[in-house]
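Report on the structure given below.
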Amino acid sequence: MSIHGKLPRRGTPDAANLLSNFVFPECKLSLESRASWKEVFFDSMITEYDARRLYWYLESRHADVFAVLVDVLNPWLRDEIDHAHGFAIIYASFSNISFDEVLLSAELRKPDFSIIDSIATDPLKLLVALAYDEIVTTHVYHRSIKTYDEFACSKLSSWIRKAKRDEVMHFFAFVEKAKQLYPHRLHEVSGMLDQIYRVDFEKESYTGTFVLDHNAPDFPISKEEIKSTILPAIIKKFVC
Ligand SMILES: [Fe+2]
Ligand SMILES: [Fe+2]
């Protein structure tokens, strides 16, 4: 069944247009800085790529929850596929690896969703986890704008701004869906967020789940900052 015409129009240009004929600009980077950017582009590509795995996992393992949320998940997945595509283009050009090899490296990883099982059984908790993830990613991309701009490449500058705009829209879409479906359960959001935050920072490494990928020593926002500023801001949006 085609879903064309059923999705809201996208608010930003897609990767294929924004990054058409993209070639990474010439730049002088130290070996250390080059390695670090390579990791940033690769990690961005794979976490964005893993949205489809989360979608398939929900569809196959939590069909009831999936059915409740599918209308908010479809436009979200369309954007995340687009983000993965864009970061794959950037990573391939930056690292001089062929595009098909880059896609293969995203494909070959094995995800482990066991950590999500306790979250995905409740549609409200899942919406809170998705909203949490989207707003943290929004902050990460926002902080990246300055460093992307240093490449003096309009396509890269537009790309990171577009990605940030999409992520903040995802945050609001998940919050709105939660408010629309569960207006009488919003007092539970604060406790749910505490649990999601704990799970995020208890696990040792990213397991290919799209959400809960923030426990890395080089992650640009600290655990403490997420707790003290981002969590209260999320709660405010759910209860206002
Ligand atoms: Fe994304
Ligand atoms: Fe997103």
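Restrict the check to segment 174-196 and report whether at least one residue is within 21 Å of V65 (Cβ to Cβ), in contact with a Leu (Cβ under 6 Å, 6 or more places away or on another chain) and without any contact (Cβ under 8 Å) to a residue 60 or more places away in the chain. Yes, there is a match, as at least one residue in segment 174-196 is within 21 Å of V65 (Cβ to Cβ), in contact with a Leu (Cβ under 6 Å, 6 or more places away or on another chain) and without any contact (Cβ under 8 Å) to a residue 60 or more places away in the chain.
Counting the residues of segment 114-163 that are closer than 19 Å to E202 by Cα, surrounded by fewer than 21 Cβ atoms within 10 Å (Cβ to Cβ) and not aliphatic (A, V, I, L, M) gives 3.
If you take the residues in segment 7-65 that are polar (S, T, N, Q) and more than 19 Å from V140 (Cα to Cα), which one is surrounded by the most Cβ atoms within 10 Å (Cβ to Cβ)?
S20
Might you check whether a residue that is in a loop (DSSP other than H, G, I, E, B), under 19 Å from the mean Cα position of the chain (by Cα), closer than 17 Å to D43 by Cα and modelled with pLDDT under 95 occurs anywhere in segment 187-200? No: zero hits.
Within segment 73-100, if we keep just the residues that are of a type outside the set (F, W, Y) and within 18 Å of Y57 (Cβ to Cβ), the residue that is nearest to ligand 2 (Cβ to nearest atom) turns out to be E80.
Matching residues to (1) over 17 Å from K155 (Cα atoms); (2) touching a residue at least 24 places away in the same chain (Cβ under 8 Å); (3) assigned to a helix (DSSP H, G or I):
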| site | (1), (2), (3) |
| --- | --- |
| P13 | no, yes, no |
| F24 | no, yes, no |
| C27 | no, yes, no |
| R34 | yes, no, yes |
| Y57 | yes, yes, yes |
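A count restricted to segment 213-240 and to residues that are closer than 18 Å to A178 by Cβ and either in contact with a helix residue (DSSP H, G or I) (Cβ under 6 Å, 6 or more places away or on another chain) or surrounded by 12 or more Cβ atoms within 10 Å (Cβ to Cβ) (or both) stands at 7. Look at segment 117-128: where a residue is within 16 Å of K177 (Cα to Cα) and a partner is of a type in the set (S, T, Y) and in a helix (DSSP H, G or I), sitting 6+ places away or on another chain with Cβ atoms under 8 Å, you get A120/Y57. For I160, the conditions (1) away from ligand 2 (no atom under 16 Å from the Cβ); (2) out of contact with any Lys or Arg (no Cβ under 7 Å at 6 or more places or on another chain); (3) more than 23 Å from S60 (Cβ to Cβ) are fulfilled apart from (1). On the stretch given as segment 78-98, residues that are more than 10 Å from ligand 1 (Cβ to nearest atom), in a helix (DSSP H, G or I) and farther than 18 Å from K155 by Cα total 1.
The values are calculated or read from the model by the stated rules, or taken from the named source; none is laboratory data. It should be emphasised that the depicted structure is a prediction, and the values quoted were computed from it without experimental measurement. Ideal geometry is used to build each Cβ from the backbone, glycine not excepted, and the neighbour counts take in all protein chains shown.
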